[in-house]
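A short write-up of the structure that comes next.
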Amino acid sequence: MKSIERMVSSVQQNQRLSNVLTLREGQLITGKITKFYPGNKAAVSLLGHQLIAQLDTSLQVNKHYLMQVKGTQPSVQLKVVHPSEVTSYRDAAQRLIYSANEKANKNEQMQLANLLKQQLPIKPNQISSIIQLMRQHQVPNQNEIFSEMIKQSLPLNRETFQAVHQRINQPVSFSQSIQVLQNQLSQLNVTEELYQLNQRLSILRSQPISVQQFQESVAFQTLKEIGQGSTTTFSLFQKAGLISNQLSFEDWAIQWKSWASQNRVTFSFSNPTLNAALPFNLPAENVVAAMRQYANVHLPNENRAVSFWLAMSSLIGAEGNNPLNTQSLKNFFQLTQVERSIHQDYPSIQSLLKVVNNQLGHTSVTEPIQQLNQVLNAMHLSNHELTRDLMTFTAQLPKEALGLNQDLFMEFEGKKQNDGKLASNQCRVIFYLDMPNLNQTIIDMHVQNKHVELSVYHDQPDVLKTITKPLIPLLSERLEGQGYHSIHVNFKPIFEKEVLSNKSLDLPIESGVDYRV
């Protein structure tokens, strides 16, 4: 959705905490000396903020200098980077480039000057990395990309740059990358990890599967674990009531191995070869019902295995246009989350991408794998630096999952709970949609103390209001069933989308201090 550009995580970089100046040890700043005090202390003006700082050298009043924060406790200590006055941010940028033994053209100097102008927590040892990234990448909103990387203290490397680039500019189509990768994988020899990866890519694209394919997945997962001596699926099926609690893992393994040998079971991508009934009575409808019941009972501890089977079950006989619900979102985030170890029975997509890329080494899959990683990495960049209790993150879902014209983009912002999760009673979620009939639509949802306000942006808001009016009572009823109340819906012209850049949650902003560490 190229024409709808601004995302919550990027627009807030310039608007949040206007009353708070954040200083970090090692940060470069340009400030004006306004007054001296005894004990090598001075009043320093930084972007309209006044603070008292300890200086390490004699300076002149009413002149600007490039300084580095050496400490913030018990008071701010500043080290002068160069004793000469800096007359502009470009002048300061040139001094830094020279001190880093780097060379930069005018455009790179101006980019660095713009970053210094924002009083970002740049450190001298970061200058070389910033210059190198500037040379390697020429993309829209580049200043915003560097700003986010520096503010969040993200690694200044190519992978992180591309992830933030994806988050802000959305240059890569999730759906197209998946389709290209699947086409390439179908021409290669199947490995266990490659088979698993293809399953998960099919889930992301909501590709329909048959009951036979579903049972093939059950057989594959079970035999894979038996070969490794793992009991994950065996234990899950027992807890969900699909197999007897009296059955031992040894008997379970013996019967599966015998069945696979007698029927010469093999696995492929598009042509299931599973022609024999499974050794245990595990019809798809039973697995689906059991997993749903298990998820409802054990929701706080729901793991990726449950999410996998629930997601797979949604594909049986599916024809696209699946509804977006809480469970489908949980499945998506479970399957795409980052994990510490790749040696798991139900690995994430990112883990499988890494293993498959190392296994194959084919140039034909390298680019689509890199593009998918770029999309997934962008979703795992969360901003915790705006305030101590505010978090933001984004999500991009393939268009096929919901029958859309373009990928679905969502942005989340809100209070951070003690467990690190987003508080559902005070948050903001923005949906960027491009639908077959309604075309481009933005839904901006604010939740304040369980009160929900929806702002729907469309090029024909009055028409959309008439069409959706009968649905609003049902929406209110379902939200009230989840503990929300006082639902209010507004319809606005989409050309007013720029107001999104100026809206924010009504969260408390720290005041009464000149700086925050």
Applying 1/(1 + (r/R0)^6) with R0 = 22 Å to the Cβ-Cβ distance of Gln246 and Asn286, what FRET efficiency is obtained, to the nearest 0.05? 0.75
Tell me the label-point distance for the pair Val463, Ser186, using the 7 Å Cα-to-Cβ offset, in nm and rounded to one decimal. 3.7
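Which entries of Lys41/Lys123; Lys465/Lys492; Lys399/Lys469 show an alpha-carbon separation above 21 angstrom in the structure shown? Display every interim value, and only then the final one.
Numbers: Lys41/Lys123 23 Å; Lys465/Lys492 9 Å; Lys399/Lys469 26 Å.
Result: Lys41/Lys123; Lys399/Lys469 exceed 21 Å.
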What is the extension gain from Ala277 to Lys450, computed as 0.36 nm multiplied by their sequence separation minus the C-alpha to C-alpha distance, in nm to one decimal? 57.3 nm
Suppose each label sits 7 Å from its Cα in the direction of the beta carbon; what would the Ser261-Asn439 distance come out to in nanometres? 6.5
Glu102 versus Gln344: modelled label distance in nm, points set 7 Å from Cα along the beta carbon direction: 3.7
Projected area of segment 140-216, taken from the Cα convex hull and averaged over every viewing direction, in nm²? 7.2
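Readers should treat all values here as calculations from the given coordinates under stated rules, not as data from a laboratory. Note that the structure is predicted; figures quoted are calculated from it, not measured. All Cβ positions, even for glycine, are placed from backbone atoms using ideal geometry, and neighbour counts span all protein chains on display.
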